[in-house]
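Everything below concerns the one structure shown next.
What follows is calculated from the coordinates using simple rules that are stated; it is not laboratory data. The shown structure was predicted, so the numbers you read here are calculated from the model rather than taken from an experiment. All Cβ positions, even for glycine, are placed from backbone atoms using ideal geometry, and neighbour counts span all protein chains on display.
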Ligand SMILES: Cc1cc2nc3c(=O)[nH]c(=O)nc-3n(C[C@H](O)[C@H](O)[C@H](O)COP(=O)(O)OP(=O)(O)OC[C@H]3O[C@@H](n4cnc5c(N)ncnc54)[C@H](O)[C@@H]3O)c2cc1C
């Protein structure tokens, strides 16, 4: 934490083990992370000087969604002609983690005690009153020792991420089964860092963030570039941007990470030529780091009502993990944390009720992100869905050739999801022609607006009208077909 900004970048590019920097268990730390506008806003509210520090000490900048970002889905550019701009923070996850830790220590130094290199092993509970009172942990440095230490708390926030053992702990100590749904969509990514050079194509050279979103089953690959630092250079061909580049997939169509040459070859075959040109022009300055088998994984804590224990909550990925392509996870965690702060701040709730109130409110945040993340995932040809109900019964559904081998039933896309797939398609067609709809959409994507604004009556009728007119054109009943 005492490292200088350039040392941090150097650690990042040399893949220094995060444990040595005091943070372990976050293998995704080297993957490209975009922080959505609402998450950035929450961090600025918590740490008022953070923006100045990022800009002045770390060469970080924000980028205008209106002018410096090109993002497309299925050929539709999403951010043309916005009515309001949105800032995109160009930073890498590794640097962000370290800065946040530093800021946290500065702000709360005498109120916190770090227990690094420790692993929580189980919950300490009072079964008869359904209360979590603390945790038992062991030191990772002393793996041979079976000794566990106790730590007690009035309120325990479990933010143990996507590999959380919370379900296991609750079953062991309170015989509580948490209903879950896991959606396996074959998600994967490779990320590297490099300096951007001109391609000669002004559309892309003027864009700091470039992205194309997978659109399964037609297009199962995607990519995104997002700046991590500005750099000083005298090279006329350099854009002066150090960027993170992530090449991602669904349906297990993983990009290779054995060499840059093979990755470029793969990119040439799997992405559009103009994106290949952009990627080819990057001078790579880090290894290529893979991440595979990302899943959507949700715990339906809210359906347990008062069966859920008092004084214990899950936050962030521990409650729900999303398809990383939509960059929702960090902002989802920030929003849940803000909600918990709000509940305590309301000063009118009894401590024993807070976990239940939180579960109800936090699950609304989760539901928004869950829908945004899973609507497209339900289109994956090799989709696998694992459902565990509150009695602990597990049902596995699977599509594609694996279903013949495993004898699992095919998953049936829920009606709500089918409607949303249909609605989204026509919404994008409208948004490509409407400044207001494109702006509304990007505010929702950044978790700054409630998704329901995409279905407000005027928008809803516009989308329905577009779909209906197209239907008439297809049937030859009205003019000629305009979109496909
Ligand atoms: C490839 C990839 C790309 C992603 N891209 C984005 C993106 O662009 N934007 C975005 O917002 N999100 C992205 N995410 C998601 C994001 O990384 C997570 O949503 C976010 O880190 C969740 O934060 P968290 O605090 O809940 O968990 P984490 O950041 O995972 O932290 C969990 C912590 O708990 C610790 N822990 C676990 N078990 C124990 C235990 N038993 N005892 C003690 N400690 C324990 C772990 O060691 C770890 O330090 C991406 C994820 C992946 C995999």
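In terms of other Cβ atoms within 10 Å, 420, 121 run from fewest to most in the order 121, 420. State whether segment 331-484 is rounded, prolate or oblate according to the following rule on the C-alpha gyration tensor (a ≥ b ≥ c being the square roots of its eigenvalues): a/c under 1.5 gives rounded; otherwise a/b larger than b/c gives prolate, and the remaining case gives oblate. Note, shape of segment 331-484 comes out oblate. Only DSSP H runs of four or more residues enter the estimate; each adds -39500 (n - 2.57), and after division by the residues of the chain the mean residue ellipticity at 222 nm equals -11000 deg cm²/dmol.
Ranked by how many other Cβ atoms sit within 10 Å of their own Cβ, fewest first, the residues 368, 113, 265 fall in the order 113, 265, 368. Working note: Cα gyration tensor of the chain, eigenvalues times five, square-rooted, sorted largest first, giving semi-axes of 36, 30, 23 Å.
Report the equivalent ellipsoid semi-axes for segment 415-474 in whole Å, largest first, defined as the square roots of five times the eigenvalues of the gyration tensor built from alpha carbon atoms.
Numbers: eigenvalues 80, 36, 17 Å².
Working through the eigenvalues yields semi-axes of 20, 13, 9 Å.
Classified by the C-alpha gyration tensor, segment 199-259 has a prolate form. Its axis ratio a/c, with a ≥ b ≥ c, is 1.5 or above, and a/b is larger than b/c. Taking all C-alpha pairs of segment 149-226, those more than 17 Å from each other amount to 71 percent.
Starting from the Cα coordinates of segment 28-132, work out the convex hull volume and express it per residue in Å³. Can you show the working numbers first?
Numbers: hull volume 23.0 nm³, N = 105.
Considering the Cα atoms of segment 28-132, their hull volume per residue is 219 Å³.
Which order results if 97, 172 are arranged by neighbouring Cβ count within 10 Å, fewest first? Please report the intermediate quantities before stating the final value.
Working: 97 18, 172 13.
So the residues, fewest neighbours to most, are 172, 97.
The value obtained for segment 183-293, namely the Cα convex hull volume divided by the number of residues, is 98 Å³ per residue.
Remark: relative contact order (the chain) = 18 percent; criterion is Cα-Cα distance under 8 angstrom and separation of 6 or more residues.
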